[in-house]
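One structure is given here, and the rest of the page talks about it.
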Amino acid sequence: MIAGVPIARVFRSGLEESVHLGHVAICDVEGRLLAAAGDPGRRVFARSSMKPLQAAVSLRAIGEDLPDELVAVMCASLLHHPCTGSCRSDPVSPVSVQGRPKARARRWPV
């Protein structure tokens, strides 16, 4: 197994505070590997880094644009941010946007 490679370095007051290691694979639409750093075949748990992709699939499933504020909440880790109280709703109920009820997605997002 190949060790992770530096993906990001954090500097504070000119001193390197931390180094974040990781693995990256860049593929084309056919799945062919175009570039890699670390081990491109390593299995990982994506966690919050997948939120923008999940939001894109969800937005496509509802077939209508949402206000930027709601899209930002979909893409971010803002569980305890004040804006989420007014933006979040039950995940299985229709979402109301600007007073208009939204239809449920016809299928679960991937």
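The values are calculated or read from the model by the stated rules, or taken from the named source; none is laboratory data. This one's a predicted model, so the numbers in the text were calculated from it and none came from an experiment. With ideal geometry, Cβ positions are generated from the backbone for all residues, glycine too; neighbour counts draw on all protein chains shown.
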Residues of segment 1-40 classified as surrounded by 11 or more Cβ atoms within 10 Å (Cβ to Cβ) and not in a strand (DSSP E or B), total: 6
Meets criteria (of a type in the set (G, A, S) and in the same structural domain as A76 (by TED's automatic domain parsing)) for A25: no
